[in-house]
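Right, one structure below, let's go through it.
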Amino acid sequence: GESVGLHLPTLSVQEGDNSIINCAYSNSASDYFIWYKQESGKGPQFIIDIRSNMDKRQGQRVTVLLNKTVKHLSLQIAATQPGDSAVYFCAERGKTSYDKVIFGPGTSLSVIP
Amino acid sequence: EPEVTQTPSHQVTQMGQEVILRCVPISNHLYFYWYRQILGQKVEFLVSFYNNEISEKSEIFDDQFSVERPDGSNFTLKIRSTKLEDSAMYFCASSYDTANTIYFGEGSWLTVV
């Protein structure tokens, strides 16, 4: 079946350091991946996405890496700031579930000032 | 920037009562969704809606739930005869098509007592 999961449920980093949040997925039919940020009491906020025909995509301070061989997705946040503290979810959308996004369990990122 | 808006932000209801959660998706989007997040857990898919009909629904979305697009702008989730376990944050989301990301509202927090 389809599933998206995270290796680390919590992550603490020093302000200014880089953060790496990892995600494993099991559905090889997935062709579109998204990272969402969720602050307490708010809805998931789109950060960055990547399609399966790419292995890297960069945004402002964020980079998503996709390794289809091992079905692994990561989110890198450069120069982490206190405002980056949130729960981060990876999510997938695929050929077998083309009209919905399936979320992983989430990683809580805490930035230490 | 266009956004998905939801009302109410918080509703407390007696067990057994009916609840209607309302959403205004982004105006040019064609696909609409409801997701649920029980406190501390991941975001779960409930239902997707396209062309005035349900396109997919999860096991959670049983006969207790229904969705409707009563006019050109609103998208509603009705929960009949609410149960204690229906207490959760309910997120509405929309997307332009199935090839791009889904944007979420800020959520409606439902408490059943």
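The values are calculated or read from the model by the stated rules, or taken from the named source; none is laboratory data. The model shown is predicted, which means the values in this text are computed figures rather than measured ones. Positions of Cβ are backbone-derived with ideal geometry, glycine not excepted, and every protein chain shown enters the neighbour counts. When the accessible area is computed, the model is the full protein with side chains, heavy atoms only, and any ligands, DNA or RNA have been set aside. Shrake-Rupley method; radii C 1.70, N 1.55, O 1.52, S 1.80 Å.
Structural remarks
- Equivalent-ellipsoid semi-axes for chain A (Cα gyration tensor, √(5λ), whole Å, largest first): 23, 14, 12.
- Over segment B:1-97, the Kirkwood radius and the radius of gyration, each from Cα atoms, give a ratio Rg/Rh of 0.94.
- Charge dipole of segment B:1-110 about the Cα centre (unit charges at C-beta), most positive-ward option of B:84, B:46, B:99: B:84
- Database remark: amide H of residue B:42 closer than 5 angstrom to no amide H (H placed geometrically; neighbours at sequence offset of 5 or more, or on other chains; Pro and chain starts carry no H).
- Kirkwood radius and radius of gyration were both taken over the C-alpha atoms of segment A:53-102, and their ratio Rg/Rh is 1.02.
- Sorting B:10, A:72, B:29 on solvent-accessible area from highest to lowest, probe radius 1.4 Å, gives B:10, A:72, B:29.
- Only Lys, Arg, Asp and Glu carry charge here, each on its Cβ (+1 for the first two, -1 for the last two); on that basis the protein assembly as shown has a dipole of about 360 debye about its Cα centre.
- Look at the alpha carbon pairs under 8 Å that are at least 6 residues apart: their mean separation over the length of segment B:28-113 gives a relative contact order of 31 percent.
- Over the C-alpha trace of the protein assembly as shown, radius of gyration and Dmax come out as 17.5, 50 angstrom.
- The relative contact order of chain A, computed from alpha carbon pairs under 8 Å that lie at least 6 residues apart in sequence, is 37 percent.
- Accessible area buried, both sides summed, chains A and B with 1.4 Å probe, Å²: 1700
- For residue B:3, the accessible area of its heavy atoms, probed at 1.4 Å with every protein chain present, is near 130 square angstrom.
- At least 50 Å² of accessible area lost relative to the chain alone, listed for segment B:14-51 with a 1.4 Å probe: B:42, B:43
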